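Here the structure comes first, spelled out in structure tokens, and everything after it is commentary.
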Ligand SMILES: [Zn+2]
């Protein structure tokens, strides 16, 4: 893993911790920074990063805290507190 990948990983962990501690604005800054790093370095963000970040408001999604996860028709449906929902095939 290169340096940019490590930074993205680290920012994802920081964002998760920030949400857990109730600092969502800080989490958004970490998520946005990680996205910028990925873009600048032409990285594909890890699947876990894409699934646990909200496309609408950029927060890190922590089920039970600011996100609701349910299963529907073989899909995982994740709803952010901002109202955005994302669906993924169940795997
Ligand atoms: Zn959201």
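None of the figures in this text is laboratory data; all of them are computed from the coordinates on show. Nothing here was measured: the structure is a model prediction, and the numbers come from that model. Cβ sites come from the backbone with ideal geometry, for glycine too, and all protein chains shown count toward neighbours.
Taken over region 82-91, the criterion of being closer than 19 Å to residue 49 by Cβ and within 14 Å of the ligand (Cβ to nearest atom) is satisfied by 82, 84, 85, 86.
Quick one: would you say residue 45 is farther than 18 Å from residue 67 by Cβ and touching a helix residue (DSSP H, G or I) at 6+ places or on another chain (Cβ under 9 Å)?
Criteria not met by residue 45.
How about region 26-56: which of its residues are part of a loop (DSSP other than H, G, I, E, B), within 16 Å of the ligand (Cβ to nearest atom) and buried (at least 16 other Cβ atoms within 10 Å of the Cβ)? Passing the criteria: 52, 54.
Looking across region 1-25, the residues that are over 21 Å from residue 65 (Cβ atoms) and either in contact with a helix residue (DSSP H, G or I) (Cβ under 8 Å, 6 or more places away or on another chain) or in a helix (DSSP H, G or I) (or both) come down to 1, 3, 4, 5, 6, 7, 8. Suppose the filter is at negative phi, more than 11 Å from the chain's Cα centre (by Cα) and in a helix (DSSP H, G or I); does residue 87 pass it? No; evaluated as a whole, the condition is false for this residue.
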